[in-house]
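Just below is one structure, and these are the notes that go with it.
Every number in this text was worked out from the coordinates using simple rules, so none of it is lab data. Note that the structure is predicted; figures quoted are calculated from it, not measured. With ideal geometry, Cβ positions are generated from the backbone for all residues, glycine too; neighbour counts draw on all protein chains shown.
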Amino acid sequence: MSTLLKVTNLKKSFQGVHALKDVSLDLAEGEILGLIGPNGSGKSTFVNTIAGTFRPDGGRALLQDVDVTGLPTPAMARHGVARTFQSSRPFLGMTVLENVTVAALLHTDRPAEAEAAARECIALTGLADCVDVTSANLPVERRRRLDLCRALALKPKVLMLDECLAGLNPREMDEGLDLVRLINRTGVSVIFIEHVMKAVVALCHRVVVLNQGELLAEGSPQAVMRDEKVIRAYLGGSSKLCSTSKRSAPATAT
Amino acid sequence: MDSTIILQTTLNGLMIGGVYALVAVGLTLIFGVMKIVNFAQGEFVMLGMYVSWALATFVGIGPYPGLLIVAVIMFVGGWLTFKLLIIRIIGKSDEAFILLTLGLSIFLQNITLLAFGADYLTVTTTVKDAAIRFGGLAISLPRLIAFGVALVMVAALTLFLNRTDTGRAMRATAESREVATLLGIDPVSCFAVAFGVGTVMAGIAGVLLTPMFYVYPGVGTLFNTTAFIVVVLGGMGSLTGALVGGLLIGIVEALGGTFVSLDLSQLFAFLIFLAVLFVRPSGLFGRSA
Amino acid sequence: MNRTGRIFLAALAGAAVLLFPVVTTTPYYIHTVLMVFLFATMGLGWNLIGGYGAQLSLGHSTFFAIGAYSAVLLMVNYEISPLVGGIVGMVLACGAAVVIGLPCFRLRGPYFCLATIAAGEIARILFLHFQEFTGGANGVPLPFHGDDILTLQFSSKAPYYYLALGLLVAVFVLVRWMEKAKIGRYLAAIREDQDAAESLGVRTDRVKLIAYVLSAAITAAAGVLYAFTVGYIDPDGVASLNLSIEIAVVVIVGGIGTLWGPVLGATVVVLLTELTNMYLGSLRSGASLVLYGLLLIVVVVARPKGLISLFDRAPAASLPKQVGTRVHVA
């Protein structure tokens with residue numbers, strides 16, 4: 001597999017606090033990469049810095065050997081780096097179709113064409129029954145789908161999902177994982193941030209662990225979970241690992 | 001160029017700048033705590049002038065002895081405005097606040113016009129024409145008093161924000177509404193106090209201006225635009241910024257009016273404003289965005 | 001109401017508007033309706049940036065004045081037809097919009113709104129100051145040279161009425177097209193959530209700038225027509241903060257971000273102003289503005305979607321039953 005996104009020595013600090021110290025990682029083409037770590041370890045900062053919300057203080061990001069370091073958000077989307085937000089952010093006053101059409105307009109100037117493309121994405125993400133529903137009236141599970149659907153309509157190369165399963169029950173979470181797999185199979189590489197370890201293990205090809213803005217471990221999900229350093233970081237930092245492990249095991253993915 | 005004229009002009013500008021600072025401090029306080037722009041701030045200055053004029057004309061209490069009475073009336077007025085109007089749109093967009101206060105500004109200006117007519121009213125005080133002279137320079141006493149009281153008010157407000165529980169609660173609310181709520185602070189009552197105090201600042205500025213400005217319904221618009229410029233120049237939400245910005249704008253207007261052209265005096269303030277937007281939108285004392 | 005009924009009513013309204021100057025000969029009535037057209041046009045233009053783009057402008061008189069002064073001065077001083085001068089004015093207005101918009105659209109917060117006020121005041125001060133060129137506070141009267149479409153001069157009000165109506169219809173059609181086009185959808189996204197829009201590849205500063213520039217051009221065109229209708233311009237008339245506010249209020253009262261809102265708002269606001277001036281104006285000045293301020297306060301507090309929302313009928317489609325009840329999420 002060839003490298004799609006190559007991040008080297010990424011640095012970002014806020015008023016003296018180093019949120020990202022020196023993070024380097026590669027994302028291979030077609031890969032689902034899990035990005036985990038205790039609260040405040042820099043996962044969201046990583047996504048926001050790559051996506052252009054923050055300008056990095058140092059380091060490089062190469063997308064298929066094109067330097068995309070520090071580009072503004074819209075430019076990143078145009079280069080094929082899409083992201084979803086930690087809290088779902090649909091355009092509340094718009095219908096599902098209108099929401100997705102905005103994204104689809106990235107590749108055409110004709111609203112009719114964009115709408116047709118949007119309908120395809122909507123069908124793929126299982127939102128066909130609420131095409132004309134105003135998104136403010138959608139329940140959380142549908143909003144999460146809409147987030148994914150909008151990102152998909154951008155036809156991205158890289159999709160960064162920041163806790164895209166938050167607020168879902170175990171059954172909905174499984175469906176969400178299926179959806180991410182489906183998107184991945186259309187040729188989109190995924191960076192997947194999630195607290196629920198079961199989801200990470202079930203989905204990701206490879207996992208990178210961040211702790212206090214630094215790369216702590218990297219490897220297969222199973223190997224990383226057994227890593228002493230990782231366990232210590234989680235117990236020292238936050239009890240997320242313990243609390244999530246208490247959740248009822250989701251039914252096996254279909 | 002005669003250095004005495006330059007000095008005298010600078011001095012005049014500095015004095016009127018003190019009053020600008022006072023109006024702007026009220027505006028920046030409201031912005032800092034509530035994150036809204038009050039477009040009726042100039043009309044509160046105007047109302048302060050009318051109350052002061054009414055006290056002098058009908059009751060016989062001059063502007064300076066009546067300062068405290070005007071302050072109390074203005075606080076009640078500001079608090080009522082908050083309870084009757086502003087509170088209804090808390091949580092809505094910035095635009096809603098701007099439009100509401102804009103509507104209030106138009107309403108207040110013209111209801112005053114209906115009530116008192118467009119005539120230019122004046123208040124006579126014993127100090128009106130008095131001046132202090134030294135070394136060829138002169139400062140008119142009303143200007144000096146206005147400058148002095150303005151500085152004292154800004155200092156008092158700073159103390160209030162730093163030393164009292166209410167003040168600290170307001171600063172916490174300004175920092176982050178969510179965090180303040182977690183600390184058990186009621187943001188809405190902080191908003192009410194901020195709005196009330198902001199109104200008082202404008203009203204006091206009005207009182208200080210009555211001995212040297214005509215009192216008429218449209219007088220507030222002069223101070224509205226200037227106050228915005230001062231607040232952005234100083235950095236939105238910064239008290240020090242409002243003070244320094246006010247003095248700077250006062251001096252710039254005075255120098256521009258004297259040495260370039262009187263009808264262009266406001267132009268320089270606006271140009272400075274646009275320059276700040278281009279170069280450093282966070283203002284002189286604001287945190288960079 | 002069924003479709004035939006609606007078409008019938010629309011035809012009736014269209015006929016009434018077209019025949020109005022034929023039926024009435026009172027210039028004042030024609031002028032009043034003409035002003036409704038002009039404000040509706042400017043409202044539609046303002047709405048592009050203020051409504052669809054949610055960037056509150058309180059400085060649109062800048063563009064109105066640039067349009068009016070360009071066309072009038074070019075004609076008075078150089079005998080250039082206002083049809084050419086008007087285009088020059090529109091181009092200059094677009095330039096001014098770029099200068100104001102470029103620094104502001106990078107920023108969040110009330111900066112744009114404050115900058116538009118500053119720009120308007122700068123324009124007014126400059127028009128007042130350069131007396132040799134602009135006539136200063138005395139303004140510029142347009143000497144009448146007889147009816148001629150090339151100089152936009154007519155001895156009766158009716159031609160201006162139809163020109164204003166034509167401009168309104170043209171702008172209305174343009175805005176209606178834009179609503180559905182890419183730019184309209186992008187503006188709607190920006191209004192809803194700027195960060196989310198950017199994450200979908202929308203270059204928000206550029207989109208806002210395009211909307212602002214178009215908005216400026218439309219306002220300048222209205223300024224040209226106004227100048228030649230009235231035959232006289234002065235800084236306090238065409239470059240005042242009050243005019244800027246009035247343009248914004250028309251849209252806010254009618255319904256911000258809607259197609260028919262500016263038309264309804266212009267009708268209500270202009271007629272209300274004229275009526276109060278007619279009946280109360282002799283009493284005291286300011287009565288119409290008191291109402292104006294009250295109207296703005298009441299609309300913002302009680303009907304933020306404007307008077308047009310009184311006509312809302314179709315309820316939005318809702319979720320199919322089996323999907324479940326509404327869930328509120330943070």
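Given Cβ point charges of +1 (Lys, Arg) and -1 (Asp, Glu) and nothing else, what value in debye, to the nearest 20, does the dipole of segment C:23-240 about its Cα centre take? Write down the numbers at each step before the final one.
Numbers: 12 positive and 13 negative charges, 136 e Å.
Value, rounded to 20: 660 debye.
Pick from C:GLY50, C:GLY139, C:GLY286: which residue has the top mean-square fluctuation in a GNM of chain C where Cα pairs under 10 Å get a spring?
Fluctuation is largest for C:GLY286.
Please report, in cubic angstrom per residue, the volume enclosed by the convex hull of the alpha-carbon atoms of segment A:13-67.
Cα convex hull per residue, to the nearest whole number: 92 Å³.
Any chance you could give the angle, 0 to 90 degrees and rounded to 10, that helix C:27-47 forms with the longest Cα principal axis of chain C?
50 degrees
Please report the spacing between the Cα centers of segment C:139-193 and segment B:190-217 in Å, no decimals.
42 Å
For peptide C:111-119, what's the mean number of Cβ atoms from other chains within 10 Å of each residue's Cβ?
Details: counts 6, 1, 7, 10, 9, 0, 7, 11, 3.
Mean shielding count: 6.
Find how much the distance from C:HIS145 to C:PHE8 grows on full extension, using 0.36 nm per residue of separation minus their present alpha carbon separation; answer in nm with one decimal. Mind showing how you got there, number by number?
Details: separation 137, 0.36 × 137 = 49.32 nm, distance 4.23 nm.
Using 0.36 nm per residue and subtracting the Cα-Cα distance, I get 45.1 nm.
If you take all C-alpha pairs in segment C:23-240, what percent of them are over 22 Å apart?
Values: 11991 of 23653 pairs.
So the portion of pairs separated by more than 22 Å is 51 percent.
Using a ≥ b ≥ c from the Cα gyration tensor of segment B:3-279 (square roots of the eigenvalues), is it rounded, prolate or oblate, where a/c under 1.5 gives rounded and otherwise the larger of a/b and b/c decides, a/b for prolate?
Numbers: a/c = 1.63, a/b = 1.34, b/c = 1.21.
In terms of gyration-tensor shape, prolate.
What percent antiparallel are the DSSP beta bridges of the protein assembly as shown, to the nearest 5? List each step's numbers first, then the result.
Values: 29 of 46 bridges.
Restricted to the protein assembly as shown, the bridges split so that about 65 percent are antiparallel.
Below 8 Å, C-alpha to C-alpha, sequence gap of six or more: please give me the relative contact order for segment C:184-267 in percent.
Working: 39 pairs, mean separation 11.0, N = 84.
Across segment C:184-267, relative contact order equals 13 percent.
Measure out, as a whole number of angstrom, how far apart the alpha-carbon centroids of segment B:1-69 and segment C:201-279 sit.
33 Å
Output the antiparallel fraction of DSSP beta bridges having both residues in chain A, as a percent to the nearest 5.
Numbers: 21 of 38 bridges.
In chain A, DSSP labels about 55 percent of beta bridges as antiparallel.
Assuming R0 = 60 Å, what is the FRET efficiency of A:ASP57 and A:ARG171, from their Cβ-Cβ distance, to the nearest 0.05?
Working: r = 42 Å, r/R0 = 0.71.
The formula returns an efficiency of 0.90 here.
With unit charges on the beta carbons (Lys and Arg positive, Asp and Glu negative) and the dipole taken about the Cα centre of chain B, which residue among B:VAL154, B:MET170, B:THR9 sits farthest to the positive side?
Result: B:MET170.
Take the cross-link list B:LYS35/B:LYS92; A:LYS11/A:LYS43; C:LYS182/C:LYS305; A:LYS43/A:LYS198; B:LYS92/C:LYS182 and give me the ones stretching past 22 Å between alpha-carbons.
Values: B:LYS35/B:LYS92 12 Å; A:LYS11/A:LYS43 13 Å; C:LYS182/C:LYS305 24 Å; A:LYS43/A:LYS198 18 Å; B:LYS92/C:LYS182 28 Å.
Exceeds cut-off: C:LYS182/C:LYS305; B:LYS92/C:LYS182.
Would you mind computing, in nm to one decimal, how far apart the modelled labels at C:VAL169 and A:ALA75 are, each placed 7 Å from Cα along Cα→Cβ?
Calculated label separation equals 4.7 nm.
Which shape class applies to segment A:119-189: rounded if a/c is under 1.5, otherwise prolate when a/b exceeds b/c and oblate if not, where a ≥ b ≥ c are the square roots of the Cα gyration tensor eigenvalues? Mind showing how you got there, number by number?
On the way: a/c = 1.71, a/b = 1.18, b/c = 1.45.
Cα axes put segment A:119-189 in the oblate bin.
B:LYS128 to B:LEU68: FRET efficiency via 1/(1 + (r/R0)^6), r the Cβ-Cβ distance, R0 25 Å, to the nearest 0.05? If you can, show how the numbers build up before the last one.
On the way: r = 21 Å, r/R0 = 0.82.
Efficiency computed from Cβ-Cβ geometry: 0.75.
Please state the relative contact order of chain B as a whole percent: Cα pairs under 8 Å, 6+ residues apart?
Working: 484 pairs, mean separation 109.5, N = 289.
With pairs under 8 Å counted, the relative contact order is 38 percent.
Once both axes come from the Cα atoms, what is the angle between helix C:261-280 and the longest principal axis of chain C, in degrees from 0 to 90, rounded to 10?
Tilt of helix C:261-280: around 50 degrees.
Which whole-number value in Å³ per residue fits the convex hull of the alpha carbons of the protein assembly as shown?
Numbers: hull volume 172.2 nm³, N = 873.
Spread over its residues, the Cα hull of the protein assembly as shown gives 197 Å³ apiece.
Rounded to whole Å, give me the distance from the Cα center of segment B:260-289 to that of segment A:15-74.
Centre-to-centre (Cα) distance: 37 Å.
GNM on chain C, C-alpha springs below 10 Å: top fluctuator among C:LEU209, C:LEU165, C:LEU295?
Comparing C:LEU209, C:LEU165, C:LEU295 in a Gaussian network model of chain C, the most mobile one is C:LEU295.
What residue among C:VAL23, A:LEU5, C:LEU92 has its Cα farthest toward the positive end of the dipole of the protein assembly as shown, where the charges are +1 on Lys, Arg and -1 on Asp, Glu, each on the Cβ?
A:LEU5
Using only the Cα atoms of chain A, build the gyration tensor, take square roots of its eigenvalues as a ≥ b ≥ c, and label the shape rounded, prolate or oblate: rounded if a/c is under 1.5, else prolate if a/b is larger than b/c, else oblate.
On the way: a/c = 1.82, a/b = 1.27, b/c = 1.43.
Judged from the Cα gyration tensor, chain A comes out oblate (a/c at least 1.5, b/c at or above a/b).
Using r as the Cβ-Cβ distance of B:THR4 and C:VAL76, and R0 as 60 Å, what FRET efficiency do you calculate, to the nearest 0.05? Each step should come with its number before you reach the end.
Numbers: r = 45 Å, r/R0 = 0.75.
Using R0 = 60 Å, I get an efficiency of 0.85.
Considering only A:THR108, B:GLY42, C:LEU264, whose Cα is most displaced toward the positive end of the charge dipole of the protein assembly as shown, charges sitting on Cβ of Lys, Arg (+1) and Asp, Glu (-1)?
Of A:THR108, B:GLY42, C:LEU264, it is A:THR108.
Do me a favour and compute the ellipsoid semi-axes for segment B:1-98 from its Cα gyration tensor, root of five times each eigenvalue, largest one first, whole Å. Mind dumping the intermediate values first?
On the way: eigenvalues 188, 103, 16 Å².
Each semi-axis is the square root of five times an eigenvalue, giving 31, 23, 9 Å.
Pick from C:ARG108, C:ARG303, C:ARG206: which is most flexible by mean-square fluctuation in a GNM of chain C where alpha carbon atoms under 10 Å apart are linked?
C:ARG108
At a 10 Å Cβ-Cβ cut-off, how would you order C:PHE20, B:PHE213, fewest neighbours first?
Working: C:PHE20 16, B:PHE213 20.
Ranked by crowding around the Cβ, least crowded first: C:PHE20, B:PHE213.
How do C:152-159, B:115-122 rank on mean C-beta neighbours within 10 Å, highest first?
Numbers: C:152-159: 16.6, B:115-122: 13.0.
Highest-to-lowest ranking by the protection proxy: C:152-159, B:115-122.
May I ask you to compute the full-extension gain from A:ASP22 to A:GLU228, defined as 0.36 nm times their residue separation minus their alpha-carbon distance, rounded to one decimal in nm? Intermediate results must be reported in sequence, preceding the final value.
Values: separation 206, 0.36 × 206 = 74.16 nm, distance 2.16 nm.
Extending this stretch completely gives an extra 72.0 nm.
What percent do you get for the relative contact order of segment B:100-203 when only Cα pairs under 8 Å and 6+ apart count?
Working: 47 pairs, mean separation 11.8, N = 104.
Relative contact order for segment B:100-203 comes out at 11 percent.
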